[in-house]
Amino acid sequence: MNTSLLRHAVFTRFWIGDIASVVGNQMVVIAVTWQVYDLTNSALSLGLVGLAHFGAQLLFTLPAGHAADRYDRRHVAMLCQVVQFAAAVLLAAANFGGWISAEIIYVCVALTGIAQTFQNPAMRSLLPSLVGDELLPRCIAFHAAAKKTAIILGPALGGLVYLWGSSAVYFASAAFYALAGVIILLIPSTFVHRKHDPVTLHYVFGGLHYIFNKPIILGAISLDLFAMLLGGAVALLPIYARDILHAGPLGLGLLRSAPAVGAVFASLYLVRTPMTHSVGKILFLSVVVFGITTIVFGLSTWMPLSLLALAVMGMADMVSVVIRSSLVQLETPVDMRGRVSAVHSLFTGTSNHLGQFESGITAAWWGTMPAVVVGGIGTLVVAGLWMRWFPDLIKREVLVVKRE
């Protein structure tokens, strides 16, 4: 691990605060998905969890980008921890009081989705102001490694704590949200009061307009959107854990952690060995590997093979994340990073949460295993189409383009 990044005190506070929030969120995800499936015994209900999150994100993406460009991004991120803390406490109280229901869970998921919609562009656009452009790709890789470590620990910890009941998981996640809020406030302010353009529709939609006029950025984030939308095997992990692999809540935690294990290895490699050439080809190769491992996971009924497939899937996804996130931040002017990051978060959230809904629908129609396999094939088709439609992206050689 590169110690020079660890000596960067401000960056260290940034990723520790973000990681604490991720651990809390991952614990909630484990409890929510297991509990919804336990309450309803329905794949469609699992899909509705993703839809509740996506609906909140869709409605609040543009205001979130506006907030990230207008206000102190630390304060925006801290307030998001407060909302997530409140949602976790509400879930804990509902379980403790015996009045929990799928509808209450959907409401709390939507509240969490709103908070994360504001948090993601605030944190993403804050990072470049803390480090220079040359250091940014390595910081993204390092931060991604730490974040994926949290995604390993969060589900595993959530599955373990679930043995003491769902209320315990929600109370523990609330503690992590509180810790994240405190640490984020310890980041020194980089906020500069600027004279902003009037808040017009043109300003609010500026992030969308910028992305659609930048083929490199549009190609990178839309590739992720459609590839991950179709390859959403993770959404169906509760069904695999309970009905196919017979692994229980702890097994669900291990399955959810497996992609993050692979991602950590990939990101640590990228911290030590930054990508210096052929980044476009590497991006498409990572999507192809993601599609193939999705198919393998979909067909597997053996826990070790399922874990291996998910780990390789996580490695491929991490390579894509580092390339895509670096391109988006480095190709975007400073005063637009909040709005562009908000749209980027919408694309990412669409692939994750709407993909969860899509997986629930297709699993209800065709069955769980066919739905995952078809999704993996769809990911490969998307990769092939995007190679043809975005030739500049596959020809991209480097992340950081030297400016005169």
If you take the beta carbon distance between Val381 and Phe212 as r and set R0 to 22 Å, what does 1/(1 + (r/R0)^6) give as a FRET efficiency, to the nearest 0.05? 0.45
Could you please rank Leu179, Leu229, placing first whichever residue has the fewest other Cβ atoms within 10 Å of its Cβ? Leu179, Leu229
Between Ile244 and Phe96, what is the label-point separation in nm under the 7 Å Cα-to-beta-carbon projection? 3.7
Which one of Asn95, Val76, Leu59 has its Cα pushed farthest toward the positive end of the charge dipole of region 46-185, where Lys and Arg give +1 and Asp and Glu give -1 at the Cβ? Val76
Given the peptides 100-111, 26-37, 371-382, arrange them by the average over their residues of other C-beta atoms within 10 Å, most packed first. 26-37, 371-382, 100-111
Leu305 versus Thr276: modelled label distance in nm, points set 7 Å from Cα along the beta carbon direction: 4.0
To the nearest 0.05, the calculated FRET efficiency linking Val89 and Asn41 through their beta-carbon distance, R0 being 35 Å, is 0.80
If eta is 0.890 mPa s and T is 25 °C, what Stokes-Einstein diffusion coefficient results for region 116-162, Kirkwood Rh from Cα pairs, in µm²/s? 200
Mean residue ellipticity (222 nm) of the chain, computed from DSSP H runs ≥ 4 via -39,500 (n - 2.57), nearest 500: -26500 deg cm²/dmol
Quick check: net charge around Gly154, other residues with Cβ under 12 Å of its Cβ, Lys/Arg +1 and Asp/Glu -1? +3
What percent do you get for the relative contact order of the chain when only Cα pairs under 8 Å and 6+ apart count? 29
Return the distance in nm (one decimal) between the two label points of a simple spin-label model at Ser189 and Leu160, each offset 7 Å from Cα along Cα→Cβ. 4.0
Can you name the helices of the chain, as whole DSSP H runs, whose Cα span along the helix axis is 27 Å or more and whose Kyte-Doolittle mean is not below -1.0? 9-40, 43-70, 73-97, 102-130, 136-161, 166-185, 248-272, 279-299, 303-330, 368-389
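Values quoted throughout were computed directly from the atomic coordinates according to the rules given, and no laboratory measurement underlies them. Computed from a predicted structure; not experimentally measured. Here the Cβ is made from the backbone with ideal geometry for all residues, glycine too, and neighbour counts use every protein chain on show.
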